[in-house]
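Below is one structure, written out as structure tokens; comments come after it.
The values are calculated or read from the model by the stated rules, or taken from the named source; none is laboratory data. No experiment lies behind these values; they were computed from the predicted model shown. Note that each Cβ is placed from the backbone with ideal geometry, even for glycine, and that neighbours are counted across all protein chains shown.
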Amino acid sequence: MKYKVTFLLDKTNTWFEKYLKNYNFNLNNKYLFKISKNPNKIVKQDLVFPLSYTKILSKEFIKKNKLILIVHASKLPKDKGFAPVQNQILKNKKKIHVSLIKAEKDKEVDSGAIYLTDVFSLADTDLSPEIRLKQGKAVLKIIKKFLVKYPKVKCIEQKGRGNFNKRRKPADSELNINKSIKSQFNLLRICDNEKYPSFFKYKKHKYILKIYKE
């Protein structure tokens, strides 16, 4: 009997989808894999991985499936909430932790027990596409590590004091024209050139900046 696994993807936050579809876990003898963007159609699954999913999962959804696992890119309980990688880069962090946690219906967002942790490193010259690539590889790595071990896995409760990051909005990509590019480079490099590019305002006009490596 194979375990049923569904990856729940977001309809709008689609950056991770290409990494997942091009990845082979090489575990088809143990699992039946499925990808879905509709949580209403995900029921009675052994494992569900919401990936880059921006909506809060309902208690009903959690009840309908055996185990919901969240991959959160921070050293929990620090940097719970939205855009953890981007918020850590803004704090000049280069080593990003990854936590695989259990979604629990009676706990706050990103507060579930931790099954596995890992870490990946960023160069201080990495731009958004390179950051996403490294993050995507780290997410797939920790998922595979869990799938190889499952069901012989244990979790531990989170300890310590944490913080919660708010959702980043396009307005957060605004640069200050009175500050140097160097002092704002972290903000420049986390911006997506297409979805939320950097910009500045000058003399009642808005100017868009896109950044690429030569």
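Worth a mention:
- Filtering the range 141-174 to residues that are within 21 Å of N13 (Cα to Cα) and basic (K, R) leaves K141, K166, R167, R168, K169.
- For the range 114-147, the set of residues classified as in contact with a Lys or Arg (Cβ under 7 Å, 6 or more places away or on another chain), small (G, A, S) and loosely packed, with under 15 Cβ neighbours inside 10 Å consists of S121 only.
- Residues of the range 148-173 satisfying the condition of being under 24 Å from I131 (Cα atoms) and loosely packed, with under 14 Cβ neighbours inside 10 Å: N163, K166, R167, K169, P170, A171
- Of all residues in the range 137-157 being assigned to a loop (DSSP other than H, G, I, E, B) and not basic (K, R), the one that is farthest from Y23 (Cα to Cα): E157
- Candidates K18, K75, K44, K55 - the one that is among the basic types (K, R), assigned to a loop (DSSP other than H, G, I, E, B) and either within 12 Å of the chain's Cα centre (by Cα) or under 24 Å from A123 (Cα atoms) (or both): K75
- Inspection of the range 113-136 finds no residue satisfying the criterion of being touching a strand residue (DSSP E or B) at 6+ places or on another chain (Cβ under 9 Å), assigned to a loop (DSSP other than H, G, I, E, B) and among the acidic types (D, E).
- Any hit, the range 58-72, residues being farther than 17 Å from Q135 by Cα, hydrophobic (A, V, I, L, M, F, W, C), surrounded by 15 or more Cβ atoms within 10 Å (Cβ to Cβ) and modelled with pLDDT under 95: yes
- For the range 1-14, the set of residues classified as in contact (Cβ under 8 Å) with a residue 60 or more places away in the chain and farther than 19 Å from N38 by Cβ consists of Y3 only.
- Counted residues, the range 78-112 - those being out of contact with any His (no Cβ under 7 Å at 6 or more places or on another chain), outside any helix (DSSP H, G or I) and under 19 Å from K55 (Cα atoms): 16
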